[in-house]
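Heads up: the structure comes next, in structure tokens.
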There are 2 protein chains.
Amino acid sequence: MIQEIARMSVSTLIPRQNLHDALTPSLREMILDGDLKPGDKISERELCERFGVSRTPLREALKVLAAEGLVQLLPQRGAIVAEISEDEIKEVFPIMAALESLAAELACDHASDADIAHVEALHAQMMKAYRSGHESTYLRLNRLIHEAFFELAGNATLASMYQSLLTRIHSHRFIARKSEASWKKAVEEHEEIIEALAARDKRRLPRLLRKHVTGTTVDIAKESLARKCKAG
Amino acid sequence: MIQEIARMSVSTLIPRQNLHDALTPSLREMILDGDLKPGDKISERELCERFGVSRTPLREALKVLAAEGLVQLLPQRGAIVAEISEDEIKEVFPIMAALESLAAELACDHASDADIAHVEALHAQMMKAYRSGHESTYLRLNRLIHEAFFELAGNATLASMYQSLLTRIHSHRFIARKSEASWKKAVEEHEEIIEALAARDKRRLPRLLRKHVTGTTVDIAKESLARKCKAG
DNA sequence: AAAGAGAATAATGCATTCAAAATACATTAT
DNA sequence: ATAATGTATTTTGAATGCATTATTCTCTTT
């Protein structure tokens, strides 16, 4: 009876969540925030104490994160935070470019005028941040704009695949410090992109986005390499 | 000590597998083979008895399959085989087209002459199957050719993403019966595709593949719709 | 002192157990 | 007879316990 009533309106549903479902996002955030670093051994005991749960739900959460590629399960040896190699990163970049390009194309058809105006507003804010040199604000808005294309595309599967890739390479994108030159280039490309979006130019926009994403990611790979050489 | 040695070479690693890791593929196959149909409730008890394991590893396997999108976990109510809606299918198709298009482009750079010859051989076999009307053989070779592009691309991440999408829509592709006209069209497109691959035409090949995949998938969506109307 | 063997300790994998919730069933009241 | 309530059974979620495997520590030997 109560269930019947509850079924009638979503708002009356008591939000019930399993322990492992609650655990998974918490653990994911710990990794994404850097509390746990790539290669770190994940001690079941320690985390159990920290979260105040038994090993069963924790292990289930670890299984889920392993499926996402965020942790690695070594048989009989426990779990470690997954390390992503340079090679894997290099594999991911062209895929992200292809997905964003597709998102842009779909967005041309699917986005409302209001949607486009919203992205233009974000872009304006981003330009302001660029001109005044607020890098962290710039990066945040830049990320929002890229994510906006996926929302505008109206394809939840596509958006979630992008998000999943972004998670996998979390430590390597939107964080890398750009050189002045590459930053300027990226900004100029953004100008063109917004223009093409406003015109709903289905031929030009995907091309621009693909080139843009490929360009920025290549820059990142270069700088990552440079850091490595300097360190070594 | 033994572990130290094992760490030195992958080949010396004793292939030890956890129960849940062994369970996951078995369960996946049960779903893919249709032993368990979309919407079916998955009885933990029944499966435990069938595999002769306790609930713990089984539930871990279910968690993994849920992350893959193959089963759905309903809180406090157990698991069911995930049902994929028409809408979700429609979302997946353009993504597959984009991924295959990218794979084709990468393949132009990465594939050796021998690789290309191998695909050509598969294509020749497929054409033979087409001309003699062996549909199941045709479909199998068709699938192999599509998968080959991903292998030739030399991008493991891309290949696994494609595989994962393929798994999700398993019941809706490479199975759908084609009409004579759409089959003929698909075959003609394949001819062009193999030609462009042989020429390593990086501009033409991706375009052809994208059009081909989009075309066949649209056909499938149409036929699926037709079936539904007929049934309803 | 360094290397290796062996024991002690800890951690993992799985089964079992316990508690809570859902479903099925029977009983009662209208 | 039907609907509603209360009870029993089943099922799920999580904790605990046990056996096996890995790791660490110590002690011996060279």
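Is one or more of the residues making up the stretch B:49-63 within 16 Å of DNA strand C (Cβ to nearest atom), within 27 Å of B:GLN163 (Cβ to Cβ), at pLDDT below 95 and loosely packed, with under 11 Cβ neighbours inside 10 Å?
no
So which of A:ILE145, A:ILE116 ends up being closer than 15 Å to A:LEU197 by Cα and more than 14 Å from the chain's Cα centre (by Cα)?
Values: A:ILE145 fails: more than 14 Å from the chain's Cα centre (by Cα).
Within the list A:ILE145, A:ILE116, the selection yields A:ILE116.
Please state which one of B:ILE2, B:ILE89 is among the β-branched types (Val, Ile, Thr), within 10 Å of DNA strand D (Cβ to nearest atom) and modelled with pLDDT under 95.
Numbers: B:ILE89 fails: within 10 Å of DNA strand D (Cβ to nearest atom).
So the residue among B:ILE2, B:ILE89 that is among the β-branched types (Val, Ile, Thr), within 10 Å of DNA strand D (Cβ to nearest atom) and modelled with pLDDT under 95 is B:ILE2.
Considering each residue of the stretch B:18-36, count those that are outside any helix (DSSP H, G or I) and either outside the structural domain of B:GLU46 (by TED's automatic domain parsing) or closer than 19 Å to B:ILE169 by Cβ (or both), and give that number.
4
Given the structure, is A:LYS41 surrounded by fewer than 16 Cβ atoms within 10 Å (Cβ to Cβ) and in the same structural domain as A:LEU165 (by TED's automatic domain parsing)? Show your work before the answer.
Working: surrounded by fewer than 16 Cβ atoms within 10 Å (Cβ to Cβ): yes; in the same structural domain as A:LEU165 (by TED's automatic domain parsing): no.
Answer is no for this residue.
May I ask you to verify whether B:LEU102 is more than 16 Å from DNA strand C (Cβ to nearest atom), within 22 Å of B:PHE150 (Cα to Cα) and in the same structural domain as B:LYS202 (by TED's automatic domain parsing)? Break it down stepwise before answering.
Working: more than 16 Å from DNA strand C (Cβ to nearest atom): yes; within 22 Å of B:PHE150 (Cα to Cα): yes; in the same structural domain as B:LYS202 (by TED's automatic domain parsing): yes.
So B:LEU102 fits the description; yes.
Would you call B:GLU100 touching a residue at least 60 places away in the same chain (Cβ under 8 Å) and either crowded, with 21+ Cβ neighbours inside 10 Å or within 16 Å of DNA strand D (Cβ to nearest atom) (or both)?
Numbers: touching a residue at least 60 places away in the same chain (Cβ under 8 Å): yes; either crowded, with 21+ Cβ neighbours inside 10 Å or within 16 Å of DNA strand D (Cβ to nearest atom) (or both): yes.
The answer is yes for B:GLU100.
Quickly run through the stretch B:64-97 and pick out the residues that are more than 27 Å from A:ALA98 (Cβ to Cβ) and surrounded by fewer than 16 Cβ atoms within 10 Å (Cβ to Cβ).
Once the filter is applied, which keeps residues that are more than 27 Å from A:ALA98 (Cβ to Cβ) and surrounded by fewer than 16 Cβ atoms within 10 Å (Cβ to Cβ), the stretch B:64-97 yields B:LEU74, B:PRO75, B:GLN76, B:ARG77, B:GLY78, B:GLU83.
Going by the conditions given, is A:TYR162 among the aromatic types (Phe, Trp, Tyr) and closer than 28 Å to B:ILE84 by Cβ? So that I can check it myself, show each step before the final result.
Working: among the aromatic types (Phe, Trp, Tyr): yes; closer than 28 Å to B:ILE84 by Cβ: yes.
Here the answer is yes, as A:TYR162 does meet what is asked.
What's the total number of residues in the stretch B:37-61 that are within 16 Å of DNA strand D (Cβ to nearest atom), under 25 Å from A:THR157 (Cβ atoms) and in a loop (DSSP other than H, G, I, E, B)?
Residues that pass the stated criteria total 2.
Where in the stretch B:62-160 are the helices (runs of 4 or more DSSP H), entirely inside, with at least 2 residues that are within 14 Å of chain A (Cβ to nearest Cβ) and under 30 Å from B:LYS41 (Cα atoms)? It would help to see each step written out before you state the result.
Numbers: elements: B:86-110, B:113-131, B:135-153.
So the answer is B:86-110.
Which one of the conditions (1) under 30 Å from A:LEU70 (Cα atoms); (2) free of Cβ contacts under 8 Å to residues at least 60 places away in the same chain; (3) crowded, with 17+ Cβ neighbours inside 10 Å does B:ASN142 fail to meet, given that it meets all the rest?
(1)
The values are calculated or read from the model by the stated rules, or taken from the named source; none is laboratory data. None of the values given here were measured: they were computed from a predicted structure. Positions of Cβ are generated from backbone atoms using ideal geometry, with glycine treated the same way; all protein chains shown enter the neighbour counts.
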